[in-house]
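Participant: Structure below; questions to follow.
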Amino acid sequence: MQFVLFGPPGAGKGTQAKFLSEELNVPHISTGDILRENVKKGTALGLKAKSYMDKGELVPDNLLIDLIKDRLSQPDCRKGFLLDGFPRTIPQAEALDEILDDINKNLDGVINIDVGSGELVRRLSGRRICRSCGASYHVVFNPPKAKDICDACGGELYQRADDQEAAIKNRLNVYVRQTQPVLEYYKKKNILIDIDGEKEIDEVTADIRSMLADMA
Ligand code: ADP
Ligand code: ADP
Ligand code: ZN
């Protein structure tokens with residue numbers, strides 16, 4: 001099956017993606033994680049993307065579309081995939097439709113995790129990320145067992161540059177201007193599924209589970 005996890009920065013996409021990709025038995029494809037990997041390795045893509053990411057701007061569409069085309073053509077995506085952080089603009093959504101057409105697949109659903117802006121600021125400003133595996137924690141809402149150490153892999157936790165206050169504001173504005181219109185695009189196609197993302201992590205997970213059960 002093919003799903004998109006949609007929602008503003010800090011909604012909980014990465015947090016929910018882990019169980020969801022296991023449950024659906026498909027790879028979790030986070031464009032943010034892939035871009036951060038490229039920045040870390042200093043690839044050509046990473047060098048082009050870094051300045052946009054640090055400011056909280058979107059990386060240009062053509063770079064993202066090439067990245068996703070390449071990733072979705074890998075053999076592990078034949079059984080389906082879970083996209084997290086893509087598409088974020090209308091041109092990206094249109095490009096995804098073309099890619100899906102070419103491989104004779106369609107989207108089973110776009111799961112929109114709905115969270116208000118006050119809560120997003122609280123989540124983003126306390127977020128910590130694992131340097132090794134990308135797992136996402138929160139200093140208050142979802143703390144690791146040992147301070148600054150990843151439960152899953154023992155890696156070191158850090159705060160992303162774009163989770164500092166100035167960049168957070170910009171990212172939320174960018175979301176409203178450039179990404180929110182994509183919701184309407186999928187609503188028209190009748191594949192948008194709204195989930196209340198303000199609940200506790202486990203409750204959101206349970207709601208997504210029951211939504212999947214209803215679809216089956
Ligand atoms: P968050 O989890 O906070 O929503 P991501 O990790 O998904 O953020 O993305 C981090 C940054 O990577 C974005 O602010 C943007 O600069 C870039 N990025 C990720 N996905 C995309 C995309 N689909 N289009 C453009 N830029 C992207
Ligand atoms: P996204 O990938 O959508 O940007 P994350 O999954 O990284 O969001 O979550 C953002 C922050 O909020 C993280 O610090 C995470 O631990 C925390 N978080 C995620 N879901 C919830 C929730 N339902 N309640 C409280 N905090 C949450
Ligand atoms: Zn880790």
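Every read-out reported here was derived from the displayed coordinates using simple, explicitly stated rules and does not represent laboratory data. The structure displayed is predicted, hence computed values, not measured ones. We place every Cβ from the backbone using ideal geometry, glycine too, and count neighbours over all the protein chains shown.
Participant: Is the shape of segment 110-216 rounded, prolate or oblate, going by the alpha carbon gyration tensor and its root eigenvalues a ≥ b ≥ c, with a/c under 1.5 for rounded and a/b larger than b/c for prolate?
Facilitator: Since a/c reaches 1.5 but b/c is at least a/b, the shape of segment 110-216 is classed as oblate.
Participant: So which GluC sites (Glu not before Pro) in segment 127-216 end up in coil per DSSP with only 11 or fewer other C-beta atoms within 10 Å?
Facilitator: Passing sites in segment 127-216 are Glu200.
Participant: Local charge sum around Asp54 (other residues, Cβ-Cβ under 15 Å, Lys/Arg +1, Asp/Glu -1)?
Facilitator: +4
Participant: Taking 2.2 N^0.38 Å as the expected size of a compact globular protein, what ratio does the Cα radius of gyration of the chain give against it, to two decimals?
Facilitator: 0.97
Participant: Decide, for segment 71-132, between rounded, prolate and oblate: order the square roots of the alpha carbon gyration tensor eigenvalues as a ≥ b ≥ c, take rounded if a/c falls under 1.5, and otherwise choose prolate if a/b is larger than b/c, else oblate.
Facilitator: Since a/c reaches 1.5 and a/b is larger than b/c, the shape of segment 71-132 is classed as prolate.
Participant: Could you work out the local net charge near Ile29, counting Lys and Arg as +1, Asp and Glu as -1, over the other residues with Cβ closer than 9 Å to its Cβ?
Facilitator: -1
Participant: Full extension from Ala216 to Val176: what is 0.36 nm times the residue separation minus their Cα-Cα distance, to one decimal in nm?
Facilitator: 11.2 nm
Participant: What percent do you get for the relative contact order of the chain when only Cα pairs under 8 Å and 6+ apart count?
Facilitator: 29 percent
Participant: So how strong a dipole does the chain carry about its Cα centre when Lys and Arg Cβ are +1 and Asp and Glu Cβ are -1, to the nearest 20 debye?
Facilitator: It comes to approximately 700 debye.
Participant: I would also like to ask the following. Which of the residue pairs Lys18/Lys188; Lys79/Lys147; Lys48/Lys169; Lys105/Lys145 have a Cα-Cα distance greater than 31 Å in the structure shown?
Facilitator: Lys79/Lys147; Lys105/Lys145
Participant: Taking all pairs of different Cα atoms in segment 6-52, averaging 1/r and flipping that mean, what Kirkwood radius in angstroms comes out?
Facilitator: Averaging 1/r across every pair of different Cα atoms and inverting gives 12.0 Å.
Participant: Next question. Would you calculate the separation in nanometres between label points at Ser125 and Arg209, each defined as 7 Å from the Cα along the Cα-to-beta-carbon direction?
Facilitator: Distance between the two pseudo-spin positions: 3.3 nm.
Participant: Using +1 at the Cβ of each Lys and Arg and -1 at the Cβ of each Asp and Glu in segment 145-216, identify which of Gly197, Cys150, Gln178 lies farthest towards the dipole's positive end.
Facilitator: Gln178
Participant: In nm, what is the difference between 0.36 nm times the number of residues separating Thr43 and Ala146 and their Cα-Cα distance?
Facilitator: 33.8 nm
Participant: Going by average Cβ neighbours within 10 Å, how do the peptides 23-33, 187-197 rank, with the highest at the top?
Facilitator: So the order, starting with the most tightly packed, is 23-33, 187-197.
Participant: Would you work out if segment 1-90 is rounded, prolate or oblate? Take a ≥ b ≥ c from the square roots of the eigenvalues of the alpha-carbon gyration tensor; rounded if a/c is under 1.5, else prolate when a/b is larger than b/c, oblate otherwise.
Facilitator: Verdict is prolate for segment 1-90.
Participant: Name the residue from Leu82, Asn106, Val121 whose Cα lies farthest towards the positive end of the charge dipole of segment 81-164, charges +1 on Cβ of Lys and Arg and -1 on Cβ of Asp and Glu.
Facilitator: The Cα lying farthest towards the positive end belongs to Val121.
Participant: Can I ask one more? Just the number, please: percent antiparallel of the DSSP beta bridges in the chain, rounded to the nearest 5.
Facilitator: Around 35 percent of the beta bridges assigned by DSSP in the chain are antiparallel ones.
Participant: Over segment 124-216, what relative contact order in percent results from Cα pairs under 8 Å that are six or more residues apart?
Facilitator: Computed value for segment 124-216: 19 percent relative contact order.
Participant: Suppose a student asked you for the relative contact order of segment 29-105, using Cα pairs under 8 Å spaced at least 6 residues apart; what percent would you report?
Facilitator: About 33 percent, as a whole number.
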